[in-house]
Amino acid sequence: MLDRFPDLHAAPGKQNRDAHGGTSGEPRFFDKKNMSHTIQVLTTLLVHLNSFCATHDPPLVNIVGIELLNEPMQNPSLEKWYLEAIRRLRQVSPMPVYISDSWATDQYAGYIHAHSTEIPFTVLDHHLYRCFTQEDIHTPVSQHAYQLTDPNAGTPQMFARVAQKLQEAGSGLIIGEWSGALNPGSLAGVGDETSARRQYVGAQLALFDKFCAGY
């Protein structure tokens, strides 16, 4: 289990093409002005968060970090911006920083490993869903569960690689979002949907418990 860490779900300019990015327009986060503004927003947020945690009665000890961006789209500027943002936030507080893997988990595990002395205890956040893509829709729920429990399948192997890489860096992998939701196509012909969902959720939790620092 993981206690709470606030994240910036809708950054200035919008960091991805999804509806939860805050606007219906095209993403403009990677304009220099918006990237700079976002660091100012995060710095202000962290100042107030530290103050609130300390002055709350009783003090809040379950805030375990702050995440820079929710699910940013891939961009050549992202890694450099992560470094700049983390350095700025470290001047405010030693609170752990979480970064999204931007759907490139191996890449950002390597990134944290390579910069471990510059940005110590930076945690990698991966989101796991199996209900959006065409492949997800046409995969039966039993196969979704199996692909999370078979140690030779892609996802468990990726989790094992990433967990080892991050452990070497004094860091960890967490699952900031996951769900028992499935597309109706994955449940077609299933007699007992409740039991099938429980099996799928159980497969996720077993995977998280084995490799992750929290979820």
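Over all distinct Cα-Cα pairs of the stretch 6-91, the Kirkwood formula returns a hydrodynamic radius of 13.7 Å. Computed over protein heavy atoms with a 1.4 Å probe, the accessible surface of the stretch 30-116 works out to 49 Å² per residue. Straight-line cross-link reach from K33 at under 16 Å between alpha-carbon atoms covers these aspartates and glutamates, not counting any fewer than eight positions away in the same chain: E84. Cross-link partners of K165 among lysines, defined as those whose alpha carbon lies under 21 angstrom from its own and excluding same-chain residues fewer than eight positions apart: K80, K210. With the gyration tensor restricted to C-alpha atoms of the chain, the semi-axes of the equivalent ellipsoid amount to 31, 20, 18 Å, longest first.
Computed on the Cα trace of the stretch 60-113, the radius of gyration divided by the Kirkwood hydrodynamic radius gives Rg/Rh = 0.98.
Working from Cα positions, state the angle (0 to 90°, nearest 10) between the long axis of helix 193-211 and the longest principal axis of the chain. For 193-211 against the chain, the angle is about 50 degrees. Measuring nothing but protein heavy atoms, the accessible surface of the chain at 1.4 Å probe radius is 53 percent carbon and sulfur. Considering the convex hull of the alpha carbon atoms of the stretch 1-50, report its projected area averaged over all viewing directions, in nm², one decimal. Hull-based average projected area comes out at 4.3 nm². Compute the Kirkwood hydrodynamic radius of the stretch 79-166, taking the inverse of the mean of 1/r over all pairs of distinct Cα atoms, and give it in Å to one decimal. Kirkwood hydrodynamic radius for the stretch 79-166: 14.8 Å.
With R₀ set to 30 Å, the beta-carbon distance separating F132 from D192 gives a calculated FRET efficiency near 0.80.
The values are calculated or read from the model by the stated rules, or taken from the named source; none is laboratory data. None of these values were measured; they are calculated from a predicted model. When we count neighbours, we look across all protein chains shown, and the Cβ atoms used for this are built from the backbone with ideal geometry, even at glycine. For the accessible areas, the whole protein counts, side chains as well, though only heavy atoms, and no ligand, DNA or RNA atoms are used. Shrake-Rupley method; radii C 1.70, N 1.55, O 1.52, S 1.80 Å.
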